[in-house]
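One structure below.
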Amino acid sequence: MRKVEIPADPDAVTIDWDRTAVIVIDMQRDFLEPGGFGEALGNDVSKLARAVAPIQRLLRIARANAIPIIHTREGHRPDLADAPALKVERGDPRFRIGAAGPMGRILVRGEPGHDIVPELAPARGEPIIDKPGKGAFYETDLELILRNRAIETLVVCGVTTEVCVHTTVREANDRGFRCLVPGDACASYFDEFHVVGLRMIAAQGGIFGFVTTTAALAASLAASLADPA
Ligand code: TIU
């Protein structure tokens, strides 16, 4: 038991580090690098780079403290059988899901663009959840993995704040997982959506989560190690 209080918005929240996992959402080349899905949607992909260093720090401290880490990737089977037509048919046909791009077929499993960026490469033994949707629980075994490890609290970071991070936090909250979102370890293609997305999580007394910082989580882990209860 490593119970600690983490400063957060709207209120400090008490968690047990021994019942906590870090979930890194979709830090893939397809979203962060030119020529992938993010750019195909018309976005400035350079805006997502700001989340990389805070997530590196989170991964470092989580690994040092034996906190489980789970990575997710958004993408589809090569035959696109798991991709709804609604999702595939959107946008310029030359850059749609499954179209050939400089990093391989866009948003398709097994292609270079589907990989997690090398700076945040999963370590051996860290589960990777391949998800067809925006939420990490939809049509995946994430919930089973978390229940098997008796996880109660999730630290959710990654991209994008208002799409896959938000959807995952909402899904997790409905399933009874307490969610902490370090805002600096999330990023969006839209500055205002990032800010408002974080405010939406914490509004109404923390309607579906708590917003914190990488520094607060790092300080908490340093303190809980110094004083193992
Ligand atoms: N991972 C994730 O957020 N998928 C998206 O499609 N995000 C956008 O912001 N487009």
For this session: Count, please, the residues in the stretch 164-188 that happen to be open to solvent by 50 Å² or more (accessible area, probe 1.4 Å) and out of contact with any Leu (no Cβ under 9 Å at 6 or more places or on another chain).
Result: 5
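From the list Leu154, Leu144, which one is more than 13 Å from the ligand (Cβ to nearest atom), assigned to a helix (DSSP H, G or I) and within 30 Å of Thr14 (Cβ to Cβ)?
Details: Leu154 fails: assigned to a helix (DSSP H, G or I).
That would be Leu144, the only listed residue that is more than 13 Å from the ligand (Cβ to nearest atom), assigned to a helix (DSSP H, G or I) and within 30 Å of Thr14 (Cβ to Cβ).
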Exercise. Would you pick out the residues in the stretch 180-208 that are without any contact (Cβ under 8 Å) to a residue 60 or more places away in the chain and away from the ligand (no atom under 16 Å from the Cβ)?
Worked result: Arg199, Gln204, Ile207, Phe208
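Among the residues of the stretch 155-178, what is the count of those that are farther than 24 Å from Arg29 by Cβ and of a type in the set (A, V, I, L, M)?
Start the filter on the stretch 155-178 by keeping residues that are farther than 24 Å from Arg29 by Cβ, which leaves 170-178.
From the residues that got through so far, the ones that are of a type in the set (A, V, I, L, M) too are 172.
Summing the residues that are farther than 24 Å from Arg29 by Cβ and of a type in the set (A, V, I, L, M) in the stretch 155-178 gives 1.
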Exercise. Just a yes or no: is a residue in the stretch 10-28 assigned to a helix (DSSP H, G or I), surrounded by 21 or more Cβ atoms within 10 Å (Cβ to Cβ), under 15 Å from the mean Cα position of the chain (by Cα) and within 15 Å of the ligand (Cβ to nearest atom)?
Worked result: no
Seminar exercise, completed: Apart from one, (1) assigned to a helix (DSSP H, G or I); (2) farther than 22 Å from Gly197 by Cα all hold for Glu171; the odd one out is (2)
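Examine the stretch 113-120 for a residue that is more than 16 Å from the ligand (Cβ to nearest atom), assigned to a loop (DSSP other than H, G, I, E, B), out of contact with any strand residue (DSSP E or B) (no Cβ under 9 Å at 6 or more places or on another chain) and open to solvent by 20 Å² or more (accessible area, probe 1.4 Å), and state whether such a residue exists. Give the derivation first.
If we filter the stretch 113-120 for residues that are more than 16 Å from the ligand (Cβ to nearest atom), which is where we start, we get 118-119.
Now narrow it down to the ones that are assigned to a loop (DSSP other than H, G, I, E, B): none.
Within the stretch 113-120 (the criterion being more than 16 Å from the ligand (Cβ to nearest atom), assigned to a loop (DSSP other than H, G, I, E, B), out of contact with any strand residue (DSSP E or B) (no Cβ under 9 Å at 6 or more places or on another chain) and open to solvent by 20 Å² or more (accessible area, probe 1.4 Å)), the answer is no, since none of the residues qualifies.
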For this session: May I ask you to list the residues in the stretch 56-79 that are in contact with a Ser or Thr (Cβ under 8 Å, 6 or more places away or on another chain) and either open to solvent by 40 Å² or more (accessible area, probe 1.4 Å) or within 23 Å of Gly113 (Cα to Cα) (or both)?
Result: Arg57, Thr72
Exercise. Among the candidates Ala85, Ala40, which residue alone is out of contact with any Gly (no Cβ under 6 Å at 6 or more places or on another chain) and at pLDDT 95 or above?
Worked result: Ala85
Exercise. Taking the stretch 121-141 as the search range and keeping residues that are within 16 Å of the ligand (Cβ to nearest atom), over 20 Å from Arg178 (Cα atoms) and in a loop (DSSP other than H, G, I, E, B), which one is most open to solvent (accessible area, probe 1.4 Å)?
Worked result: Glu139
Exercise. Could you count how many residues in the stretch 29-38 are within 11 Å of the ligand (Cβ to nearest atom) and either among the aliphatic types (A, V, I, L, M) or in a helix (DSSP H, G or I) (or both)?
Worked result: 5
Problem set entry | In the stretch 39-51, the residues that are assigned to a helix (DSSP H, G or I) and either more than 16 Å from Asp191 (Cα to Cα) or open to solvent by 40 Å² or more (accessible area, probe 1.4 Å) (or both) | Glu39, Ala40, Ser46, Lys47, Ala49, Arg50
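For the stretch 95-112, check the following and say yes or no: at least one residue is closer than 18 Å to Glu162 by Cα, under 21 Å from the mean Cα position of the chain (by Cα) and within 16 Å of the ligand (Cβ to nearest atom).
Taking the stretch 95-112 and keeping what is closer than 18 Å to Glu162 by Cα, we get none.
No, because not a single residue in the stretch 95-112 is closer than 18 Å to Glu162 by Cα, under 21 Å from the mean Cα position of the chain (by Cα) and within 16 Å of the ligand (Cβ to nearest atom).
The values are calculated or read from the model by the stated rules, or taken from the named source; none is laboratory data. Quick caveat, the model's predicted, so the values are computed rather than measured. We place every Cβ from the backbone using ideal geometry, glycine too, and count neighbours over all the protein chains shown. With ligands, DNA and RNA removed, areas are computed over all heavy atoms of the protein, side chains included. Shrake-Rupley method; radii C 1.70, N 1.55, O 1.52, S 1.80 Å.
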